[in-house]
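Chemist: Structure below; questions to follow.
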Amino acid sequence: MAPLPSSARALSEQLALRAYALCRTYLSRGCRSGRYWTVGDVQNNPGRSLFVRLIGPVSGPRAAGRWCDAATGESGDLLDLLRAVRGEARLADAMAEARRFLILPPPEPPRSAAPSGDTIAAARRLFAAGRPVPGTRGERYLHARGLVLPLDDAALRYHPRVFCRELGPGRTLPALLAAVTDDSGRVTAVQRTWLDPTAATKAALRTPRRTMGRQIGHGVRFGAPVGIVLAGEGVETVLSLRRAFSALPMIAALSAAHLGALDLPPGTRRLLIARDGDPAGRRAAARLRARAEALGIRVIDLVPVGNDFNADLDRFGVEGLRRRVLRQTLGAGPG
């Protein structure tokens with residue numbers, strides 16, 4: 001076997017430091033047995049054929065993360081395991097998945113790449129140029145989704161003419177703006193949701209939402225955290241739950257990948273994870289849960305009946321949504 005590139009070796013060693021969390025995430029139907037995690041196979045079937053070493057140095061034949069399937073003879077490090085578990089043919093794909101699991105930023109572009117400019121400053125200028133949402137097409141869009149702005153809202157604004165690259169040079173559309181902030185409240189990015197200029201819907205674009213600025217670890221915040229916080233994927237998911245629990249502080253991470261990478265506010269003791277009802281949502285919630293529990297934070301997963309909690313709000317209404325969420329927080333399941 002050819003030696004791994006240095007970047008892959010470094011990732012493998014970082015994965016070895018989190019071997020237990022990785023096994024819980026990707027081989028969840030197995031269990032710990034002393035120094036090893038045992039499971040049936042790389043397809044996560046129950047059994048005891050595949051062994052993953054959990055304790056050991058970060059490199060060498062007895063390193064943490066070394067694994068072997070006694071039934072097939074397959075073996076390797078945790079990068080190899082990710083390739084097998086996810087069916088990734090290319091090392092680069094497994095490395096990308098490893099970075100997502102480790103909550104690492106993408107690799108730096110080549111030095112010859114053109115600089116992108118100060119996108120954080122541009123995001124702040126755009127959000128500052130927005131106007132309050134009430135009385136605008138942005139409010140009509142939210143109302144069409146069954147959503148109302150919280151009284152303490154400072155995270156959303158509206159702009160009638162936001163440049164849309166997909167339409168071509170100089171073309172604009174109205175847009176709902178969501179401020180992505182860090183723990184101190186500083187804007188680090190802004191999400192633009194382009195709206196149809198004649199109807200209360202998103203614009204008919206291939207990608208009607210885009211974020212510019214620095215997003216990783218940060219989110220769109222509603223309410224000040226007081227030891228308990230709810231984290232969800234999209235703004236619509238969080239605003240749906242705010243209708244049922246208006247006093248609960250919430251953060252919208254804006255995507256499944258960023259939900260898994262979300263930095264939790266200092267002093268968080270209890271975390272509610274409102275994931276979407278798809279495989280990406282399940283994986284993101286598992287990653288965030290593992291990181292939170294490692295900090296001693298109590299975690300409760302909230303699972304929608306439909307694709308997301310905005311769909312549940314539309315189907316069950318505010319009181320129906322509140323009852324279903326309360327049943328989950330009390331341990332009665334999705335209901």
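Chemist: Taking the residues in region 291-321 that are in contact with a strand residue (DSSP E or B) (Cβ under 9 Å, 6 or more places away or on another chain) and part of a helix (DSSP H, G or I) as candidates, determine which candidate is surrounded by the fewest Cβ atoms within 10 Å (Cβ to Cβ). Show your work before the answer.
Modeler: From region 291-321, those in contact with a strand residue (DSSP E or B) (Cβ under 9 Å, 6 or more places away or on another chain) are 292-293, 297-304, 308-309; that's our starting set.
Cutting the leftovers down to part of a helix (DSSP H, G or I) gives us 292-293, 309.
Working: A292: 19, E293: 14, F309: 31.
Taking the candidates together, the pick is E293.
Chemist: Does any residue of region 267-288 turn out to be among the small types (G, A, S) and closer than 23 Å to G138 by Cα?
Modeler: no
Chemist: If we scan region 291-298, do we find a residue that is at pLDDT below 95 and within 28 Å of Y141 (Cβ to Cβ)?
Modeler: no
Chemist: Also, quick follow-up: Would a scan of region 233-242 turn up a residue that is more than 10 Å from the chain's Cα centre (by Cα), modelled with pLDDT of 90 or more, assigned to a loop (DSSP other than H, G, I, E, B) and not assigned by TED's automatic domain parsing to the domain that holds V190?
Modeler: No, every residue in region 233-242 fails to be more than 10 Å from the chain's Cα centre (by Cα), modelled with pLDDT of 90 or more, assigned to a loop (DSSP other than H, G, I, E, B) and not assigned by TED's automatic domain parsing to the domain that holds V190.
Chemist: Still on this structure: Check whether at least one residue in region 266-277 is free of Cβ contacts under 8 Å to residues at least 40 places away in the same chain and either outside any loop (DSSP other than H, G, I, E, B) or in contact with a helix residue (DSSP H, G or I) (Cβ under 7 Å, 6 or more places away or on another chain) (or both), and report yes or no. So that I can check it myself, show each step before the final result.
Modeler: The first filter runs over region 266-277 and keeps only residues free of Cβ contacts under 8 Å to residues at least 40 places away in the same chain, leaving 277.
Filter once more, keeping what is either outside any loop (DSSP other than H, G, I, E, B) or in contact with a helix residue (DSSP H, G or I) (Cβ under 7 Å, 6 or more places away or on another chain) (or both): none.
No.
Chemist: With respect to R287, is the statement that it is surrounded by 20 or more Cβ atoms within 10 Å (Cβ to Cβ), in contact (Cβ under 8 Å) with a residue 40 or more places away in the chain, out of contact with any Lys or Arg (no Cβ under 7 Å at 6 or more places or on another chain) and of a type outside the set (S, T, N, Q) true? Talk me through it step by step, then tell me what you get.
Modeler: Values: surrounded by 20 or more Cβ atoms within 10 Å (Cβ to Cβ): yes; in contact (Cβ under 8 Å) with a residue 40 or more places away in the chain: yes; out of contact with any Lys or Arg (no Cβ under 7 Å at 6 or more places or on another chain): yes; of a type outside the set (S, T, N, Q): yes.
So R287 fits the description; yes.
Chemist: Need at least 1 residues that are crowded, with 18+ Cβ neighbours inside 10 Å and not assigned by TED's automatic domain parsing to the domain that holds A257 per element, so show me which strands (runs of 3 or more DSSP E) inside region 6-96 make the cut, counting only ones lying wholly within it. First the steps, then the outcome.
Modeler: Details: elements: 31-33, 36-39, 50-53, 67-69.
Those strands (runs of 3 or more DSSP E) span 36-39, 50-53, 67-69.
Chemist: Search region 159-177 for residues that are touching a residue at least 40 places away in the same chain (Cβ under 8 Å) and pair each with any residue that is of a type in the set (F, W, Y) and surrounded by 15 or more Cβ atoms within 10 Å (Cβ to Cβ) when their beta-carbon atoms are under 9 Å apart and the residues are at least 6 apart or on different chains.
Modeler: Within 9 Å, the pairs are C164/W194; E166/W194; L176/Y141; L176/Y158; L176/W194; L177/F127; L177/Y158.
Chemist: Can you tell me which of F309, F316 is farther than 14 Å from G219 by Cβ, without any contact (Cβ under 8 Å) to a residue 12 or more places away in the chain, in contact with a helix residue (DSSP H, G or I) (Cβ under 8 Å, 6 or more places away or on another chain) and not basic (K, R)? Please lay out each step first, then the result.
Modeler: Values: F309 fails: without any contact (Cβ under 8 Å) to a residue 12 or more places away in the chain.
Among F309, F316, only F316 is farther than 14 Å from G219 by Cβ, without any contact (Cβ under 8 Å) to a residue 12 or more places away in the chain, in contact with a helix residue (DSSP H, G or I) (Cβ under 8 Å, 6 or more places away or on another chain) and not basic (K, R).
Chemist: Does A155 qualify as being surrounded by fewer than 13 Cβ atoms within 10 Å (Cβ to Cβ) and not assigned by TED's automatic domain parsing to the domain that holds A261? Lay out the reasoning, then the answer.
Modeler: Working: surrounded by fewer than 13 Cβ atoms within 10 Å (Cβ to Cβ): no; not assigned by TED's automatic domain parsing to the domain that holds A261: yes.
Judged against the criteria, A155 is not a match.
Chemist: How many residues does region 78-114 contain that are within 29 Å of G40 (Cα to Cα) and either modelled with pLDDT of 70 or more or of a type in the set (S, T, Y) (or both)? Quick ask: steps written out before the conclusion?
Modeler: Going residue by residue through region 78-114, those that are within 29 Å of G40 (Cα to Cα) are 78-103.
From what's left, either modelled with pLDDT of 70 or more or of a type in the set (S, T, Y) (or both): 78-87, 90-103.
Selection size over region 78-114: 24.
Chemist: Looking for whichever is in contact (Cβ under 8 Å) with a residue 40 or more places away in the chain, surrounded by fewer than 21 Cβ atoms within 10 Å (Cβ to Cβ), hydroxyl-bearing (S, T, Y) and touching a strand residue (DSSP E or B) at 6+ places or on another chain (Cβ under 8 Å) here; the options are T237, T207, T201. Which one fits?
Modeler: Numbers: T237 fails: surrounded by fewer than 21 Cβ atoms within 10 Å (Cβ to Cβ); T207 fails: touching a strand residue (DSSP E or B) at 6+ places or on another chain (Cβ under 8 Å).
Answer to the check: T201.
Chemist: Can you pull out every residue in region 145-184 that is at pLDDT 90 or above, closer than 28 Å to P265 by Cα and not aromatic (F, W, Y)?
Modeler: L147, A155, L156, R157, L176, L177, A178, A179, V180, T181, D182
The values are calculated or read from the model by the stated rules, or taken from the named source; none is laboratory data. Computed from a predicted model, the values in this text were never measured in an experiment. Here the Cβ is made from the backbone with ideal geometry for all residues, glycine too, and neighbour counts use every protein chain on show.
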